[in-house]
Amino acid sequence: PVIGTQFTMEIGNLPASAGFVFTAQGFSNTTWNGNPLPFDLSAFGVTGCSLEVSADTLLGVVVTTGIAQFGFPIPNIPALMNVAYYTQAFVPDAAAPNGFGGMSRAGRGLFGS
């Protein structure tokens, strides 16, 4: 992601039944709300999955033909240079072993110019 531009992300290879995904975006992959990351989601029925990013912002994204695309403008603020940004998605999927879905792996970006 480059400061002063529009940043667009894409989550692909989604199940045909997925009409939307939930995304978490944040500035840490080590802690969130005072809790260490990754956070095991087994207690919530998502066995084998972990929250790997701080969920500073949550966003629902519509899926079109197996792809969810979203983004945001990055302000042209030099203080953002070399700041890490993390994102992860929860994908609802009735065909998943738990009957409701799972987490993607986390993605990481580093703001630059």
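The values are calculated or read from the model by the stated rules, or taken from the named source; none is laboratory data. Just so it is clear, the model here is predicted, and its values are computed rather than measured. Ideal geometry is used to build each Cβ from the backbone, glycine not excepted, and the neighbour counts take in all protein chains shown. Surface areas here come from the heavy atoms of the whole protein model, side chains and all, with no ligands, DNA or RNA. Shrake-Rupley method; radii C 1.70, N 1.55, O 1.52, S 1.80 Å.
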Scanning region 81-102 for residues that are modelled with pLDDT of 95 or more and open to solvent by 40 Å² or more (accessible area, probe 1.4 Å) gives M81, N82, V83, F90
When region 60-80 is checked residue by residue, the ones that are more than 9 Å from I3 (Cβ to Cβ) and either in contact with a His (Cβ under 7 Å, 6 or more places away or on another chain) or open to solvent by less than 40 Å² (accessible area, probe 1.4 Å) (or both) are V61, V63, G66, A68, F70, G71
Tell me which residues, restricted to region 13-32, are open to solvent by 30 Å² or more (accessible area, probe 1.4 Å), modelled with pLDDT of 95 or more and not in a strand (DSSP E or B). F27, N29, T30
Restricting to region 48-73, count the residues that are in a loop (DSSP other than H, G, I, E, B), among the β-branched types (V, I, T) and either more than 21 Å from N13 (Cα to Cα) or touching a Lys or Arg at 6+ places or on another chain (Cβ under 9 Å) (or both). 1
Residue in region 43-51 that is in contact with a strand residue (DSSP E or B) (Cβ under 7 Å, 6 or more places away or on another chain) and open to solvent by 70 Å² or more (accessible area, probe 1.4 Å) present: no
